[in-house]
Structures are given as structure tokens and as C-alpha cells.
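To start, the structure under review is shown below, and the notes come after it.
The values are calculated or read from the model by the stated rules, or taken from the named source; none is laboratory data. Being a predicted model, the structure only gives us computed values, none of them experimental. Glycine gets a Cβ as well: all are built from the backbone with ideal geometry, and neighbour counts include every protein chain shown. These accessible areas exclude ligands, DNA and RNA; they are computed on the full protein's heavy atoms, side chains included. Shrake-Rupley method; radii C 1.70, N 1.55, O 1.52, S 1.80 Å.
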Amino acid sequence: MKLFDVYPLYDIEPVKALGSKLWDKEGTEYLDLYGGHAVISIGHTHPHYVKRLTDQLNALGFYSNAVQNSVQQELADKLGQISGCGEYQLFLCSTGAEANENALKLASFHTGRKKVIAMKQAFHGRTSGAVAATDNPKIVAPFNADHQVVFVPMNDIEALKAELDDQTAAVIIEGMQGVAGIYVPSNDYLQQVSALCKEAGALLIMDEVQSGAGRSGKFFAYQHSGIQPDVISLAKGIGNGFPVAMILIAPHIQPWHGMLGTTFGGNHLACAASLAVLEVIEQENLMANAAELGEWLIAELKSIPQIKEVRGMGLMLGLGFDFSVAELRKNLLFSHKIFTGSAGDKNTMRLLPSLAVTKEELNQFLEALKIELNK
Ligand code: PLP
């Protein structure tokens, strides 16, 4: 059987990894500053993570949500402690898109409304249709039956005010817009949106799928603004490679049996993966590392004249150039053995290293970048 050819691939096959390093079939070493779209948070094949998953697999890898699963509660407790969101409720699923689907569905069930306001250039996932093709009113929330989504420019509060009304179920905003090129909602904007949502009876959903799990230097990027969203979606880095996703749900939102559901969500192995991630974030102070190294790296990048703009927080950075970065990224990969990413327009380089990356590794990147830019 042939693979369905939807991904443009580099001719490199990593077969081994540790921390921020990858090795290909020939034994060539690479520095990974992209971590598979922000997935690698604590570093590749971290020994604690490998042990946690192996121990769980040897005990019980999967059983359905029809029985008690104390690993889910252990995860909820640890997540509450590390994220500072202990009063929220947790619903577990498997991908970022699924987390956002559930967040939107929840908002629709909770408010009985159909309208959603999203940000221009937003990316919340690639799913559509499964619920639309489901004929069961208990599962199909009003949003899915006949929904309306309007897009407004981020950080423009007047544009939001013009759309937010008593038909609005939710406003959804990324903690930092990742795929669009690392654009950050301002603290002031988030504070105003949060207040306006409360007034209108709409839920504020923060999509922290890419920006969460400590990447911004705080557990969630929105926490830099001090707001308290109604729903928070999280995926990618919280699994460090294991498909885990979740939504955190404010205490004022009441569940009922059958309201949300999924086959794989919260399985034993997935919970063990997330628990290991949280334990390593705590033991190795990785949020502080992301904050400190991020601040230092931003200052270093800003001193490079060819970089026109540095956007982002912590270890989620967009480097804006006034030319396409495709060739530059290729040269960093093939001449210097460094993986980077791109985002948004062709001119943005995206850096999403492990939160355990070292200054030495980032210096290796800075040196290589300067060599390429001064060629
Ligand atoms: N939301 C954001 C902010 C993302 O960056 C992504 C993926 O890049 C998603 C949702 C979708 O996540 P997944 O690919 O796990 O469905």
C-alpha cells in the first residue's frame, strides 16, 4: 500500500533521539529546534517519560471510559497544581482539533447559542463534518446544527464589540497564534474580551494547543494577562509525542452524562504520558527555563540586523525576515544540521524547541544563523 502523499518531506529519516538531539540512519546528529510542531516539550525520549509509559503499558495500557480510571484523577490533580487552574474541570481527548471541537460544542450546549467569534488568521484544527453527519440531537449541539462563525482581526476591540451579541456562544482565541506566524494577543485586549464575554453571556475559549504546557514561560500564554477563561484547550506539548489533548472547563459550567465523549480520551497510557510531562516540567523547572532562555534569545535575535521582527514569548518565537526563509531553513538543516520551522507567510521562521533546550544549543543555532545570513 502506498502512503497518501500529503506531506512535502525532507530526505532525512531520524531513527533515534535524546533531549534536543536527533540522529538519522547514517548516525548524523541534528539539533531539533522545532519538536514536531511544538510537541516535544520536555525533550525527546526523556528517561522519566520512557519509564512512566513503560510501567503503565506493563500494567494496563487502555480501557474505555466505562470504568473508573484513577490515572485520570492523578493527572487532573497534577495538572491543577502545576497550571494554577485547580478549580477547573478536565475533559480528556486525543488531538488539538478534537479539543477545540469539544470546547465549541460545550459553549453551544451551555449557552444554547450558535454563533462563534474567531480571530482572522486563526488555526484551530482540521476537522469538520463528523458531527454534522451525525443524526442524534443529544450529541449535536446547536452550534453544529446551524452554526455561524465570524472572523475579526485580533487585538481590535472595536471589531469584536461590533460582533459580540446575545447570540454569541463563544469567542475563541489562540494563546499565541502559531500557524499564522506567532502573533500575540495583547494583555489589554484579552482583559477587555474577557469582560465583554461575561457581559454578553458568551464563553471565552483560549486555544493553548500550541502555546500551552509551559512554552510561553507560564503554563498557559493567556496567564500573562491575568484573565480567567471559561474553557482552555491543550494538546501537543502536554503529551511530548503521545497523542493527548484536553479541555479545562471553568467550575460554573455543569456537565451531564453524554454531553461530551470520545473513545481514546483519557486512556491509561495517555494519562501516564501527560503525568510524566508535568512531573519533568516541575522537577526540572522547565517553565523558568523557557522564560529565561526565551528572554535571552529574543534579545540576541533582536541584535541581528537581517531579522526585521521577533514575535512571541518564552520558547515560541517567530522571526520575521523581508525575504522567504525556505532557502535559509534548508541551509540550516543541510549545512548546520539544525531543524527549524516556518509559519504564516513565507518570511517567518518558527522556533519551538524543547523547554529543556540549553543556552549552548541555542548559541549553536545563533552562530549558524549568523553564518548563513552573512554569506
Ligand atoms: N490549535 C492550534 C493553536 C494549533 O496550533 C493546532 C495544530 O497545529 C491545532 C489546534 C490542531 O491540533 P491537532 O493537529 O492536534 O488536531
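Structure summary
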item	result
For segment 64-76, 3J(HN,Hα) per residue [Karplus equation, 6.51 cos²θ - 1.76 cosθ + 1.60, θ = phi - 60°, Hz, x = Gly/Pro]	6, 6, 8, 10, 5, 9, 6, 5, 4, 5, 4, 5, 4
Sparsely packed trypsin sites (Lys or Arg not before Pro) within segment 333-373, loop by DSSP, other Cβ within 10 Å at most 14	Lys346
Cut-off 16 Å (backbone N to label point 7 Å along Cα→Cβ of Val50), residues of segment 1-41	15-24
Neighbour-limited loop hits for trypsin sites (Lys or Arg not before Pro), segment 4-44 (at most 10 other Cβ within 10 Å; DSSP other than H, G, I, E, B)	Lys25
Net length gained if the chain between Asp345 and Gln283 were fully extended (0.36 nm per residue, minus Cα distance)	18.6 nm
Average Cα contact separation per residue, the chain, under 8 Å, 6 or more apart, as relative contact order %	23 percent
Solvent exposure ordering (accessible area, 1.4 Å, most first) of Tyr88, Tyr63	Tyr63, Tyr88
Per-selection Rg to Rh, segment 294-375 - Cα, Kirkwood hydrodynamic radius	0.91
Overall Cα dimensions of the chain, principal axis frame, Å, largest first	60, 54, 44
Amide H contacts of Ser342 (H built 1.01 Å from N, under 5 Å, at least 5 apart or other chain)	Arg350
Accessible heavy-atom area order of Ser335, Ser216, highest first, probe of 1.4 Å	Ser335, Ser216
Inter-part distance where segment 119-180 and segment 20-46 are each reduced to a Cα centre, Å	34 Å
FRET efficiency estimate (nearest 0.05) - Cβ-Cβ, Lys120 to Glu29, R0 45 angstrom	0.65
Filter on Lys105/Lys161; Lys21/Lys375; Lys51/Lys330; Lys346/Lys375; Lys105/Lys346; Lys236/Lys337 - keep pairs with C-alpha separation over 28 Å	Lys51/Lys330; Lys105/Lys346
Estimated inter-spin distance, Glu199 and Glu367, nm [label 7 Å along Cα→Cβ]	5.5 nm
Estimated [θ] at 222 nm from DSSP helical runs (n ≥ 4, -39500 (n - 2.57)) normalised by residues in the chain, nearest 500	-11000 deg cm²/dmol
Segment 322-375: chymotrypsin sites (Phe, Trp or Tyr not before Pro) in DSSP loop, at most 12 other beta carbons within 10 Å	Phe323
For Ile182, residues with placed amide H under 5 Å, excluding near neighbours	none
Candidates Gln254, Gln192, Gln306: whichever shows maximal mean-square fluctuation once the chain is modelled as a Gaussian network with Cα springs under 10 Å	Gln254
Candidates His147, His252, His336: whichever shows maximal mean-square fluctuation once the chain is modelled as a Gaussian network with Cα springs under 10 Å	His252
Alpha carbon convex hull of segment 124-281, volume per residue in cubic angstrom	137 Å³
Over segment 98-207: Rg over Rh, Cα atoms, Kirkwood Rh	0.96
Under 5 Å, built H, 5+ apart or other chain: amide partners of Lys16	Trp23
Isotropically averaged projected area of segment 217-375, using the convex hull of Cα atoms (one quarter of hull area), nm²	11.8 nm²
Where the chain is the region considered: accessible area per residue in Å², 1.4 Å probe	46 Å²
The chain - percent of accessible surface contributed by carbon and sulfur, probe 1.4 Å	53 percent
D (Stokes-Einstein, µm²/s), Kirkwood Cα radius, segment 1-151, 1.002 mPa s at 20 °C	109 µm²/s
